[in-house]
Protein chains: 2
Amino acid sequence: MSQKIDYLISPKWIAPVIPRSCVLEDYSVAVSQSTISKILPTNEALKNFREAPNISLPDQLLTPGFINVHSHAAMSLLRGIADDRNMMDWLSNWIWPIEEKLVDPSFVLDGTQLAGVEMIMGGTTTVADNYFFPEASSSAFASLGMRAQIGIPVLKFKNNWASDERDHLAKGLTLLNRQQDNSLQSLSLSPHAPYSVTDEGFLRVAELAKKKKIKIQLHLHETSQEIQDSLDECGLRPLARIENLGILNRSLQAIHLTQLNSDEIERLAKNEVHVGHCPESNMKLGSGICPISDLLAKNVNVAIGTDSAASNNDLDMLQEVRTASFLSKAVTNDASQIAAEDCLEMITLNGAKFLGLEHKIGSIEVGKLADLTAIDMSSIALKPVYSPVSQLIYNCTSAHISNVWIDGKRILQNKELSKFNMPELERKVDIWKEKIMSLASKIS
Amino acid sequence: MSQKIDYLISPKWIAPVIPRSCVLEDYSVAVSQSTISKILPTNEALKNFREAPNISLPDQLLTPGFINVHSHAAMSLLRGIADDRNMMDWLSNWIWPIEEKLVDPSFVLDGTQLAGVEMIMGGTTTVADNYFFPEASSSAFASLGMRAQIGIPVLKFKNNWASDERDHLAKGLTLLNRQQDNSLQSLSLSPHAPYSVTDEGFLRVAELAKKKKIKIQLHLHETSQEIQDSLDECGLRPLARIENLGILNRSLQAIHLTQLNSDEIERLAKNEVHVGHCPESNMKLGSGICPISDLLAKNVNVAIGTDSAASNNDLDMLQEVRTASFLSKAVTNDASQIAAEDCLEMITLNGAKFLGLEHKIGSIEVGKLADLTAIDMSSIALKPVYSPVSQLIYNCTSAHISNVWIDGKRILQNKELSKFNMPELERKVDIWKEKIMSLASKIS
């Protein structure tokens, strides 16, 4: 009976996500190395594993770690520099000019660490990121012990990382051919958007993704302008164009999709495309609203992303999925849409499916990796707790996250990232802030 | 030069709301008794008022206290008992049956204290409340030292407080004729909704409000069903009906208004009606969306309410106004709508105008009452801070509120309500929880 384990976690409640709608009360999770090895009643656990350390979390809920399927982490350095502007004004007149002057490996390293720290403090254990200098973001997530899909950007425009589309693809291939030495990370291809990638670029991306068996992450149908421009240019809506180019398949992670007709919803479903919904960024930039109720009704897998902190302005997955639920209820006039347990599923299991990692993460099951998030519900402002999952989705924010484990390691301990040099990061952020403010004052 | 003051507050930034768009850095507020007596640079303040205690708040922003213009505070006891249900199902099959069994003065006292504690912890200093047993909610807010408008409910339906419309009005008159002994409180009349108040009831409410010079708070055009039912019953939309009954004027605080045509927007503007926008409750109940951009364009005063925690499920004014901004940007497809400084104005000055208290509260100005909220922006997850007002609106939640003053008294001190018996309240909430769960299990 006395199997060897490393430690026990004994919260008040566990919401394992699989089985669906289940909440375990007074159960413990036993962790052995990086893996969940047992889930059993706490009184049995304490008897069976007397010698293992027990992390007792009264008044706390344990869930699978949250999965943020779309971010540009380094842009946290640009949080709040240009609010309340429409997307193309925001990008063309603010974000791109600042990026052109400043983005380099150290910007990406420091900015990604800033974002990673906020994500972990908010219960996020896995992120799909997309930014220039992917080697630098990879190092940043590795320094924090976070699980990540690192997107290799592909654009036809010159930027500080690569000179043209061919150069992006060449640099990307070098990265793909290098041996991965971090089991927490994978690479993907991130063609930026239909308007910034050529047909040849998409064909090459499709070919490379197939050969390397990797995912493709793409901003798609983000605004009505994108649709109109594509119609003007090639007579096709972007989704039809990329379908012709061989991108519309189960390897595709399509982000935003605020403009969809019913035929397009059918094609997304039929081709098993994964959808990344970023409601707060879409709302804040006035881009449109992704019809997730319709997508879910067709069994499309919908997961949740925050997008960057520059258009959100936080990286809080609980607030993000609450917004997804509220927005869906509002536009359908149906309060039963995207109920609390669907929300929890979207930020855990659906995120795992989106990344192709559902056999490893996304639920609390024996044999899965110990990516876990604990939420403290002891505050009077969360009382009374009738359903911990309702409280999680409709009341909690990042501020209530207490502990986070990734791959069995306790990364956040009682709200502290104890092993990380926070003063050093704060000092670097302050230096970037001065540089960015000085640049922005010349723009405005 | 050495005027007598009680204490200084010296934050990093002050956003006084008047003048608009102003952020003061390294300024102090001097408080004498209940009043703001001076606003001056901190280095001068420390020289001029050497003997006064100085509350130094580095990395913190000071704003006017937040004003929540629509709540049913006691319903915090029902937080999360019946989520993801449409409004009439939620009310008729869950909320009303539970209320019928349980609502009494002690339910209202305990529930209102629970809500008041959450509100203060979230930076709210003033609330307009509406519930049965208004004497009990009045006592609860008084016990916390909160500023409140206490609504006297008027309904044609029997409930635990009154037997019919006439009985509500008689009980209301008794309350109105009683001498008010709390300078922090005022009374209003709260006819529940067009579908629950008769023409005679509205006429009597209009007459009483005029005579007593008090406000009228009314749920109006909350759902499309309400409009249809009214058309079926009397051939008029509710707004037209209450206009005929003499209610549509500057004393009216109209809540929700998710269904408005352009003619109705004109009439609200012309009659100087105040609008209480509760975006999260409207979204969560699938009721509809109030067109606040259109209302603000016509100079209608729009303030923000959380509604009850049973349909929200929190009482966090920062999240509420962020949702108002995001929703408005989304439905207008215009990211410049309801910018951060408009948001701050809506939860402070517009709330004060809504309550007829703009000469006393709603901005940080010399001579106004010291209702103040401090927000701690020292967390790494809020960095970098380019604009403290942007950070407040787009990043902060209740969790960042550090200190709250009401009428010059420091009610929240470093996140603690130190003078309030919290364990006693928690014990009472636990007892109500058991009773409510047992009732709900019989319903479900």
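The values are calculated or read from the model by the stated rules, or taken from the named source; none is laboratory data. Note that the coordinates shown come from a computational prediction; the quantities given were computed from them, not determined experimentally. FYI the Cβ positions are ideal-geometry reconstructions off the backbone, even for glycines, and counts take in every protein chain you see. Only protein heavy atoms, including side chains, enter the accessible area calculation; ligands, DNA and RNA are left aside. Shrake-Rupley method; radii C 1.70, N 1.55, O 1.52, S 1.80 Å.
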Point to revise | Solvent-accessible surface (1.4 angstrom probe) belonging to A:Thr198, in square angstrom, nearest 10 | key: 40 Å²
Check your understanding: If you put a point 7 Å past Cα along the Cβ direction, how far is that point for A:Asp167 from the same point in each other copy, in nm, smallest first?
Key -> 8.1
Review point. Mind checking the angle between helix B:317-332 and chain B's longest principal axis? C-alpha axes, 0 to 90 degrees, to the nearest 10.
Key: 70 degrees
Exercise for review: Once you have all Cα-Cα distances for segment A:203-252, histogram them in 10 Å bins from zero and send the whole-percent values.
Suggested key: 25, 49, 23, 3
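Let me know the mean shielding of A:308-315 by other chains, meaning the per-residue number of their Cβ atoms within 10 Å of its Cβ.
Details: counts 0, 3, 0, 2, 3, 8, 8, 2.
Per residue, the number of nearby Cβ atoms from other chains is 3 on average.
What does the charge count around B:Ala170 come to, taking other residues whose C-beta lies under 12 Å from its C-beta (Lys +1, Arg +1, Asp -1, Glu -1)?
On the way: positive: B:Arg166, B:Lys171, B:Arg204; negative: B:Asp164, B:Glu165, B:Asp167.
Neighbourhood net charge equals 0.
Expressed as cubic angstrom per residue, what is the convex hull volume of the alpha carbon set of segment A:68-138? Spell out each step's value before the answer.
Working: hull volume 6.4 nm³, N = 71.
Hull volume over Cα atoms, normalised by residue count, gives 90 Å³.
Return the percentage of antiparallel bridges among DSSP beta bridges fully within chain B, rounded to the nearest 5 %.
The answer is about 40 percent antiparallel.
Rounded, prolate or oblate: which fits segment B:66-354 when a ≥ b ≥ c are the square roots of the eigenvalues of the alpha-carbon gyration tensor, with rounded for a/c under 1.5 and prolate only if a/b beats b/c? Mind showing how you got there, number by number?
On the way: a/c = 1.32, a/b = 1.13, b/c = 1.17.
Rounded shape, in that the Cα axes give a/c under 1.5.
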**Study point:** B:Tyr386 paired with B:Phe157, simple spin-label distance in nm, labels 7 Å along Cα-to-beta-carbon
**Key:** 5.0 nm
Revision key, fill the gap. Working note, the protein assembly as shown: Cα radius of gyration (Å, one decimal) and Dmax (Å, whole number) are 27.4, 83
Review point. What residue among A:Lys419, A:Lys171, A:Lys270 has the largest mean-square fluctuation in a Gaussian network model of chain A, using Cα springs under 10 Å?
Key: A:Lys419
Exercise for review: Could you state how much accessible area B:Ser418 has, in square angstrom rounded to the nearest 10, with a 1.4 Å probe and all protein chains kept in place?
Suggested key: 80 Å²
Review point. Pairing the Cα long axis of helix B:199-212 with the longest principal axis of chain B, what angle in degrees results, from 0 to 90 and rounded to the nearest 10?
Key: 30 degrees
Check your understanding: Roughly what would the spin-label model give for A:Asp181 and A:Ser441, points 7 Å off Cα along C-beta, in nm?
Key -> 4.4 nm
Review point. Once the piece of chain linking A:Lys4 and A:Ser196 is laid out straight, how much longer is it, given 0.36 nm per residue of separation minus the C-alpha distance between them?
Key: 63.8 nm
Exercise for review: Place the label 7 angstrom along Cα→C-beta at A:Lys211 and in each other copy, then list the distances from the first to the rest in nm, shortest first.
Suggested key: 8.8
Practice item. Kindly write out, for segment A:116-122 in residue order, the coupling ³J(HN,Hα) from the Karplus curve 6.51 cos²θ - 1.76 cosθ + 1.60 (θ = phi - 60°), rounded to whole Hz, with x marking Gly and Pro. Key: x, 4, 5, 4, 5, 4, x
Review point. Between B:Asn421 and B:Glu233, what length comes free when the chain is fully extended (0.36 nm per residue of separation minus the Cα-Cα distance, one decimal in nm)?
Key: 62.7 nm
Exercise for review: For the protein assembly as shown, give the percent of accessible area contributed by carbon and sulfur heavy atoms, probe 1.4 Å, rounded to a whole number.
Suggested key: 49 percent
Point to revise | Rough spin-label spacing in nm, given labels placed 7 Å along Cα→Cβ, for B:Lys270 and B:Lys47 | key: 5.8 nm
Practice item. Quick one: compute the contact order of chain B, relative version, from alpha carbon pairs under 8 angstrom and 6+ residues apart, as a percent. Key: 20 percent
Review point. How far apart are the B:Asp229 label points across copies, placing each 7 Å from Cα toward Cβ, in nm, shortest first?
Key: 4.8
Point to revise | Neighbour net charge for A:Val273 - beta-carbon separation under 13 angstrom, K R +1, D E -1 | key: +2
Check your understanding: Hey, with R₀ at 51 Å, roughly what FRET efficiency would B:Asp430 and A:Lys212 work out to, going by the Cβ-Cβ distance, to 0.05?
Key -> 0.35
Review point. How crowded by other chains is A:394-405, given as the mean number of beta carbons from other chains within 10 Å of each beta carbon?
Key: 3
Point to revise | Computed E for A:Asn414/A:Gln225 - FRET, C-beta separation, R0 60 angstrom, nearest 0.05 | key: 0.80
Review point. To the nearest 10 Å², what's B:Leu175's accessible area with a 1.4 Å probe?
Key: 20 Å²
Point to revise | Axis-proximal residue, chain B, for the rotation superposing B on A (Cβ, Å) | key: B:Ala399, 2
Check your understanding: Gaussian network model of chain B, Cα springs within a sub-10 Å range: biggest mean-square fluctuation belongs to which of B:Leu46, B:Leu239, B:Leu392?
Key -> B:Leu46
